[in-house]
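This report concerns only the one structure given below.
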Amino acid sequence: MSKAKRVCVIGAGPSGMSVLFHFNKLKEQGKEIPEIVCFDKQSDWGGLWKYSWETGIDQFGEPVHGSMYRGLWSNGPKEALEYPDYTFEDHFKKAIPSFPPRAVLFDYLQGRWTKGHLRHWIRFNHAVRQVTYNDDTDDFSVVVKSLVEDKDLPVQKFDYLIVATGHFSVPHVPSFPGIEEFPGRVMHSHDFRNAYQFQGQTLLVVGSSYSAEDIALQNLKYGAKKIICSYKTRPMGFKWPPAITERPLVTKIVGKTVHFKDGTTADVDAIILCTGYYFHFPFLEERLRLKARNILYPAGMYKNVLWTEAGNNKFFYIGMQDQYYTYTMFDAQAKWTVNCITGELKLPDKEAMKKDIEKWITKMNELKDCHDDINFQTEYLVDIAKDANYGYDLDTAQQFHDWEHHKHEDILTYRDQSHASKFTGTQSPIHHSTFMKALDDSMATFLNTKR
Ligand code: FAD
Ligand code: NA0
């Protein structure tokens, strides 16, 4: 392929970094690769894993990307997100427990990234403002703002565009009658950073997915008195401890009193809306824009990666689906994309791609529960990894099924369980403190493990 080809990657989180990783790997093998430029509006790599205490608008007037909170621990077993070519044992030089805190996972990610020569490709503090596809020249025009200089750079041209900007940063914020008169704190989970501030309080958590589940647990762990979770469609249904209860949706709020659909009421001190996120790509021209909800297979994406609606086969999204698998799925998607760009992977015709997308969407629409979802995403991952000639079997479905069973047995202790690594065979050690008791979750304390 011609050296003159230029690839733009937007986002240096786990998805974008996997793209850089695989291009770098080809380079190390002596293969010719295109010119690569990665833009990230944050000051360092890591995406959501680069913890930010900030909320709202940052020093450059940009919306803060971070949605992670201080006390976050992996919600899935690390054995289900482990890179086969860089295991946790490779990184930490010993086996560690299955559910690491945020900082430990970030350290692991950075270990793989610093093994390659990747950083020089990234322009930090650069926000992509506008991307348009030029039909006449079959390339993309990209407008980027240098945040530090506070100026738009001259338009840059690229042959391929990869969007890896994540989809858990722009909060979906429903309203409820009377909420504007509520005297306490109201926030979205995007702005939740630590639970200490809610010690001794009664909280209303709206939502019934991962954020609601984990933010309820966080608050219990750090000393909230009572947490009421309010669901729209169905309750989470875990065997909650007495301090956490579930009720149907809020109908109105009068002063401190919340009214629920079942006619009950409760007085609360604060409200946390765990109501999900919008897919938001304001920097993309309309025909390039993925419009989706947080589902396992959004429409218009061949192999859940190539955006087919623009018809140019040069525009890709990484990591844009609901996620059981994370790092390994982004990695397989990245390798697939890299192979597509280098020409190693040949795309079928438009009709065949359309049929393939329809096949996955039909299957998705028949899924009945979380175990079906896990099997679906496993099948998808195995499929794209095979297509990408990934070289490892990434199927960790059993880990996820076990994890779901543990959660339903006891939501307070599932993170105290041990899983085995598919790639090293090692059964993880049990952590020295249980999750609910481990208030110091610094890396140093966490790694001081005993068998
Ligand atoms: P992100 O990590 O979101 O990174 C996207 C990057 O794009 C950011 O660096 C951002 O600055 C950049 N960007 C965005 N817009 C622009 C722009 N216009 N110009 C330039 N740069 C831009 N996954 C797990 O595996 N385990 C967990 O325990 C876990 N916990 C989570 C907890 C929370 C609260 C959330 C919200 C998600 C969690 N996830 C977890 C899932 C998470 O989505 C993935 O782990 C991962 O961060 C996704 O990587 P990404 O690179 O696709 O997106
Ligand atoms: P998330 O939970 O932030 O996880 C994102 C939720 O919002 C659904 O329960 C939905 O209910 C509810 N909702 C939407 N509109 C509502 C309304 N008007 N009233 C009441 N409820 C409403 O978001 P989603 O999209 O899963 O759920 C939206 C990601 O963050 C997860 O994929 C996960 O990977 C990650 N995460 C991880 C962790 C940890 O690792 C913690 C938090 C989040 P309904 O009834 O419409 O389904 C520890």
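The values are calculated or read from the model by the stated rules, or taken from the named source; none is laboratory data. Keep in mind the model is a prediction, meaning the values are calculated, not measured. Every residue, glycine among them, receives a Cβ derived from its backbone with ideal geometry; neighbour counts consider all protein chains shown. In case anyone asks, the SASA skips ligands and DNA or RNA and just uses the protein heavy atoms, side chains included. Shrake-Rupley method; radii C 1.70, N 1.55, O 1.52, S 1.80 Å.
Values computed for the structure shown
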quantity: Potential lengthening between K115 and E409 on full extension [0.36 nm per residue; Cα-Cα distance subtracted]; calculated: 101.9 nm
quantity: The range 215-288, accessible area per residue, ligands and nucleic acids excluded (1.4 Å, Å²); calculated: 44 Å²
quantity: Antiparallel %, DSSP beta bridges [both residues in the chain], to 5; calculated: 45 percent
quantity: Volume per residue that the Cα convex hull of the range 335-386 spans, once the total is divided by residue count, Å³; calculated: 71 Å³
quantity: Residue (of T87, M17, A397) at the positive-pole extreme of the chain, dipole from beta-carbon charges; calculated: T87
quantity: Calculated [θ] (222 nm, deg cm²/dmol) that DSSP helices of n ≥ 4 give over the chain, each run adding -39,500 (n - 2.57); calculated: -8000 deg cm²/dmol
quantity: Of all accessible heavy-atom area on the range 285-395, the percent that carbon and sulfur account for (1.4 Å); calculated: 47 percent
quantity: Gyration tensor verdict on the range 36-85 (Cα atoms; rounded if a/c is under 1.5, prolate if a/b is larger than b/c, oblate otherwise); calculated: oblate
quantity: FRET E, pair K386, D85, Förster distance 25 Å, beta-carbon r, rounded to 0.05; calculated: 0.90
quantity: For the chain, Kirkwood radius (reciprocal of mean inverse C-alpha pair distance, Å); calculated: 23.2 Å
quantity: For the range 173-273, convex hull volume per residue from C-alpha positions, Å³; calculated: 91 Å³
quantity: Alpha-carbon Rg/Rh ratio, for the range 60-117, with Rh computed the Kirkwood way; calculated: 1.05
quantity: Lysines whose Cα lies under 17 Å from that of K239, excluding same-chain neighbours fewer than 8 positions away; calculated: K221, K226, K407
quantity: Heavy atoms of H126: accessible area, 1.4 Å probe, square angstrom to 10; calculated: 30 Å²
quantity: Relative contact order (%) - the range 173-273, alpha-carbon pairs under 8 angstrom, separation at least six; calculated: 36 percent
quantity: Sequence-distant aspartates and glutamates (8 or more away, or on other chains) whose Cα lies within less than 15 Å of K94; calculated: E79, E82, D107
quantity: The range 173-273 - share of DSSP beta bridges that are antiparallel (%, nearest 5); calculated: 30 percent
